[in-house]
Amino acid sequence: VVWDQGVAVTLSTPDVAGLSDVLQALREWQTEASPFQLHPGDLGWFWQFGAQATAAAVRTWRRDGHLLAVGLVDSATVFRLTTAPSARLDQDLAQQLVQDLSDPGRGVLPAGKVAVEAPNDAVVQDRLLEAGWTVDEPWTPLHLDLSEPVDRPPLRIEVIGPEQASASTAVHRSSFGSPRFTDHLWHTMTTGLPYRDARCLLGYDEEGTAVAEVTVWSAGPGRPGLLEPMGVHADHRGRGYGRAICLAAAAALQDLGSSSATVCTPSSNVGGIATYEAAGYQRRPERRDRARGA
Ligand SMILES: CC(C)(COP(=O)(O)OP(=O)(O)OC[C@H]1O[C@@H](n2cnc3c(N)ncnc32)[C@H](O)[C@@H]1OP(=O)(O)O)[C@@H](O)C(=O)NCCC(=O)NCCS
């Protein structure tokens, strides 16, 4: 597509009905050439707060009706941005993004300390630095190629439905040491459009106790899939269940036709990275968000 550089880029927020076009674009933008970028599964995980909240957290940039960039206000101070592959080097878009991300009055990010994640090859990364933004803490992307068969997990795995939601959320709360992720949020998440391409897996030990959980999100056949989240119950660590649930995640994504299993975690999460590596995921070069404010 040849964009008419003269036409203005417009920022907007979709309504719930508009999310399906946004998700379709996000699916199409996922490729092995650019495996670490805002993924339909990121919106799927956010959907735990409901469809309205998800729509309200999305920002789109269009030129002449064509979607050029999509972002998610993932928390009050973290914005996760990606662009159409053909718009990565679009200078006018980058300029508009810098203005919209820098000015709290534009309704994207508040004043104060905030961070923006964007694809490595997006020129907006450089433009933000030139506008006075700095580099933030390092994150480590991990990638498992699914073109070859993956090892079977040495753990009984179930793809769960609503009946096992409580067991799954209990493992999650223990894994992350937080009471936040309730059954209600799980049920809301699974009503979301992206969950049609997702699977929630629970791993059981020999006594039948649920010990590990992961949710995997496909972006469609031949495209990178995403793990979000993955964890092992705090009482059951150090027994290989983390490695096993990461293998199960890869196998589930392979069944869904994904080209790879991907995940990105803060580089400070040494245990998480070691676990993915133990399951055969390979580290990719670290990446850093762009940050502003004290
Ligand atoms: C990370 C986590 C899943 C590990 O679970 P686990 O069942 O203890 O992991 P495993 O026993 O399968 O260990 C796999 C490998 O990682 C290593 N590892 C696990 N935790 C580690 C830690 N905290 N520090 C260093 N290495 C660690 C193990 O030694 C093992 O390595 P090996 O194969 O070379 O022996 C678990 O600690 C957890 O749920 N953490 C919180 C959630 C999280 O961070 N999720 C990932 C980010 S999304």
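Every number in this text was worked out from the coordinates using simple rules, so none of it is lab data. Everything numeric in this text was worked out from a predicted model, so none of it was measured. Heads up, the Cβs are rebuilt from the backbone with ideal geometry, glycines too, and the neighbour counts pull from every protein chain shown.
Considering the stretch 253-284, the residues that are touching a residue at least 60 places away in the same chain (Cβ under 8 Å) and away from the ligand (no atom under 16 Å from the Cβ) include one that is surrounded by the most Cβ atoms within 10 Å (Cβ to Cβ), namely S258.
Selection of helices (runs of 4 or more DSSP H) fully inside the stretch 1-78 by the criterion of at least 2 residues being over 27 Å from W139 (Cβ atoms) returns 19-29, 51-57.
The test for being in contact with a Cys (Cβ under 9 Å, 6 or more places away or on another chain), in contact (Cβ under 8 Å) with a residue 24 or more places away in the chain and surrounded by 15 or more Cβ atoms within 10 Å (Cβ to Cβ) holds for F36. Which condition breaks for R237 when tested against (1) of a type in the set (D, E, K, R); (2) surrounded by 21 or more Cβ atoms within 10 Å (Cβ to Cβ); (3) free of Cβ contacts under 8 Å to residues at least 24 places away in the same chain? Condition (2) is where R237 drops out.
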